[in-house]
1. Of all residues in region 61-80, which are part of a helix (DSSP H, G or I) and in contact with a helix residue (DSSP H, G or I) (Cβ under 8 Å, 6 or more places away or on another chain)?
2. Of the conditions (1) farther than 28 Å from Tyr219 by Cα; (2) at pLDDT 95 or above, Asn89 satisfies every one except a single condition; which number is it?
3. Here is a list of conditions, (1) crowded, with 20+ Cβ neighbours inside 10 Å; (2) outside any helix (DSSP H, G or I); (3) at pLDDT 95 or above, and Gly153 meets all of them except one; can you say which number that is?
4. Residues of region 8-27 being modelled with pLDDT under 95 and farther than 13 Å from Val260 by Cβ, which ones?
5. Just one of Arg9, Arg2, Arg46, Arg50 is closer than 26 Å to Glu280 by Cα and assigned to a helix (DSSP H, G or I); which is it?
6. Identify, by number, the condition in (1) at pLDDT below 90; (2) in contact with a Lys or Arg (Cβ under 7 Å, 6 or more places away or on another chain); (3) crowded, with 17+ Cβ neighbours inside 10 Å that Ile81 doesn't meet.
7. Could you run through region 1-60 and say how many residues are in contact with a helix residue (DSSP H, G or I) (Cβ under 7 Å, 6 or more places away or on another chain), closer than 22 Å to Arg240 by Cβ and either among the charged types (D, E, K, R) or surrounded by fewer than 15 Cβ atoms within 10 Å (Cβ to Cβ) (or both)?
Amino acid sequence: MRMTAEAFRAWKNKAITLLGMSGVGKTCLAQILRRSNWFHYSGDYRIGTRYLDEPIIDNIKRQAMQIPFLRDLLRSDSIHIVNNITVDNLQPVSSFLGKLGNPEQGGLGLKEFKRRQRLHREAEIRAMLDVPEFIDKARTIYGYSHFVNDAGGSLCELDAPEVLEVLDHHTLILYIQASEADEQELIHRAERYPKPLYYREDFLSEQLHEYMSERGLEYVAMIEPDDFVRWVFPRLFYARIPRYEAIARRYGYTVTTEEVFAVRDERDFLDMVEAALAREAG
């Protein structure tokens with residue numbers, strides 16, 4: 001959605017999509033805005049509670065069924081397992097995605113890993129296509145004046161033009177660009193705390209082939225899950241940047257992590273957006 005700073009200022013019911021890698025400040029901004037009459041729509045929360053809820057629960061049940069005590073309780077309906085995901089705790093989604101590699105180290109086989117990747121992609125597309133419905137719900141049911149879509153870091157990987165068209169039509173897309181120092185910090189953080197990630201299938205195939213050749217591995221089951229995530233993250237990071245930038249050029253506006261980290265309240269946020277729109281206008 002393109003507009004001038006003046007039009008944005010006069011926009012009665014603002015709706016913004018925050019785009020960027022995990023760790024650039026999207027959720028932090030959304031939490032700040034949530035305190036000022038903004039509805040916080042978390043794409044990952046919607047994925048976990050609506051579109052991956054059953055697969056997540058099934059995965060937990062499979063693990064529980066391997067323990068005789070829990071297996072007996074489950075089969076007799078003596079216990080009930082629920083997905084206790086919250087906007088501030090998205091661990092169930094991350095755990096479901098999993099990591100590729102040695103099953104003795106918690107890794108997944110390639111076939112199962114790709115199946116979960118496909119399910120996540122489908123779920124993220126659906127969650128983003130739900131944005132217009134929730135913009136309306138935020139105002140008509142919950143009474144919020146404004147809406148912020150806290151999109152997942154993998155949105156740029158979906159290769160689903162319909163998603164970007166919907167988001168562009170209903171929201172102002174704001175890409176958060178990491179500074180060089182923040183890029184390095186995000187990479188170092190991923191090395192310290194390797195997390196499950198979503199990969200485009202062609203990217204995964206290419207990187208997996210290179211990794212196994214470099215490590216001299218014959219089988220996926222020989223991969224140390226955390227080592228692969230640490231190795232592939234910088235490649236994923238730099239592969240995503242041009243995709244984010246292309247979305248911002250066509251559909252939205254760009255702010256930097258330095259600007260984002262300086263935001264303390266709604267007024268700061270609105271000033272930042274207006275400045276970004278004014279920059280684009282020249």
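The values are calculated or read from the model by the stated rules, or taken from the named source; none is laboratory data. Just so you know, these numbers come straight off a predicted model, no measurement behind them. Neighbour counts run over all protein chains shown; Cβ positions are idealised from the backbone, glycine included.
1. Lys61, Ala64, Leu70, Arg71, Leu74
2. Status for Asn89: all satisfied but (2).
3. Failing condition for Gly153: (3).
4. Listed by number, the list holds a single entry, Ser22.
5. Arg9
6. With respect to (1) at pLDDT below 90; (2) in contact with a Lys or Arg (Cβ under 7 Å, 6 or more places away or on another chain); (3) crowded, with 17+ Cβ neighbours inside 10 Å, Ile81 is out only on (3).
7. The number of residues fulfilling the criteria is 2.
To keep it simple, each residue is scored yes or no on (1) of a type outside the set (A, V, I, L, M); (2) closer than 21 Å to Gln31 by Cα; (3) touching a His at 6+ places or on another chain (Cβ under 6 Å).
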{"site": "Gly216", "(1), (2), (3)": "yes, no, no"}
{"site": "Ile223", "(1), (2), (3)": "no, no, no"}
{"site": "Asp226", "(1), (2), (3)": "yes, no, no"}
{"site": "Tyr253", "(1), (2), (3)": "yes, yes, no"}
{"site": "Phe261", "(1), (2), (3)": "yes, yes, no"}
